[in-house]
Amino acid sequence: MNDLARAYDSILVIDDHNMIVNGIRLLIGQRFGQFLHANTGAAGTSLAVKHQPSLVIVDVVLPDLSGDAIVREIKYRNPGTRILAYSFNAYSAAVLKMFNAGVHGYLVKSEDDAEFVKAVTTLLDGKEYFCREARIHIIHRVFPEEEHPRLIVANTGFSTKEIEIIRLICQQKNAREISDLVFLSERTVEQYRSNITKRIGARNIAGIIRFALQNHIIDLADL
């Protein structure tokens, strides 16, 4: 099935650049029963409360309100809504403000269409998606490198296959992509992912990346 074939109730884009909004509408608008747009944070928050959209895409910089304030309000009023933040630049301060506010993903507007669609699909599947620049900022600031990294890969009980899947998860490959690379079914990959997450004690992809970095399963260059 085409990734764009599945329909969701509504999407809300909060951005004061109409050309970008129109590009998003053309790219993914067909996935949603209703496409909503606001040029200001106040108007966007009002629409979010009224329509309870499946997905909100919000610019970090808006004329009236900060992006992180908008995210916090929408999450408080619409806990079931998925939120993707984006900006022209992945500055550390902006990424961390949005991450701490609780966004489910972050992209730079210079990313190509395929990356954008992948991010949207990942969020709608209930997972997180952060572009490479955002991931690096999050790892450096939220999970600073320990003085003595724990070299425990050999003692974790993870198999060679599980280590391979951890690496692919850190690269934000989805279940379908991982299944093609490791020659397992998507359902089996999802089970592997669930077991890995529980054993690591990670709450999100950032936690998996932290574990992989601390145990030298991946390097920053791999992200």
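The values are calculated or read from the model by the stated rules, or taken from the named source; none is laboratory data. Predicted model, so just to flag it, every value in this text is computed and none were measured. All Cβ positions, even for glycine, are placed from backbone atoms using ideal geometry, and neighbour counts span all protein chains on display.
Things to note:
- Pair list, Cβ under 7 Å, 6 or more apart: the stretch 151-171 residue over 13 Å from L213 (Cα atoms) and crowded, with 16+ Cβ neighbours inside 10 Å, other residue at pLDDT below 75 and of a type in the set (G, A, S): none
- Screening G23, G29, G67, G41 for residues that are surrounded by 14 or more Cβ atoms within 10 Å (Cβ to Cβ) and without any contact (Cβ under 8 Å) to a residue 12 or more places away in the chain leaves exactly one candidate, G23.
- Qualifying residue in the stretch 1-10 (condition: surrounded by 17 or more Cβ atoms within 10 Å (Cβ to Cβ) and of a type in the set (F, W, Y)): no
- Taking the conditions (1) surrounded by 14 or more Cβ atoms within 10 Å (Cβ to Cβ); (2) at pLDDT below 75; (3) more than 17 Å from the chain's Cα centre (by Cα) in turn, I200 satisfies each one other than (2).
- Comparison of V49, V58 shows that the only residue that is crowded, with 16+ Cβ neighbours inside 10 Å and β-branched (V, I, T) is V58.
- When Y76, Y91 are checked against the criterion of being over 12 Å from the mean Cα position of the chain (by Cα), modelled with pLDDT of 90 or more, surrounded by fewer than 23 Cβ atoms within 10 Å (Cβ to Cβ) and assigned by TED's automatic domain parsing to the domain that holds A48, Y76 stands alone in meeting it.
- When R141 is tested against (1) surrounded by fewer than 19 Cβ atoms within 10 Å (Cβ to Cβ); (2) modelled with pLDDT of 80 or more; (3) assigned to a helix (DSSP H, G or I); (4) charged (D, E, K, R), exactly one condition is not met: (2).
- Whether a residue is of a type outside the set (D, E) and in contact (Cβ under 8 Å) with a residue 40 or more places away in the chain was assessed, and I209 passes this test.
- Of all residues in the stretch 98-125, those satisfying the criterion of being touching a strand residue (DSSP E or B) at 6+ places or on another chain (Cβ under 8 Å) and either among the small types (G, A, S) or part of a helix (DSSP H, G or I) (or both) are M98, F99, G102, G105, E115, F116, K118, A119, V120, T122, L123, L124.
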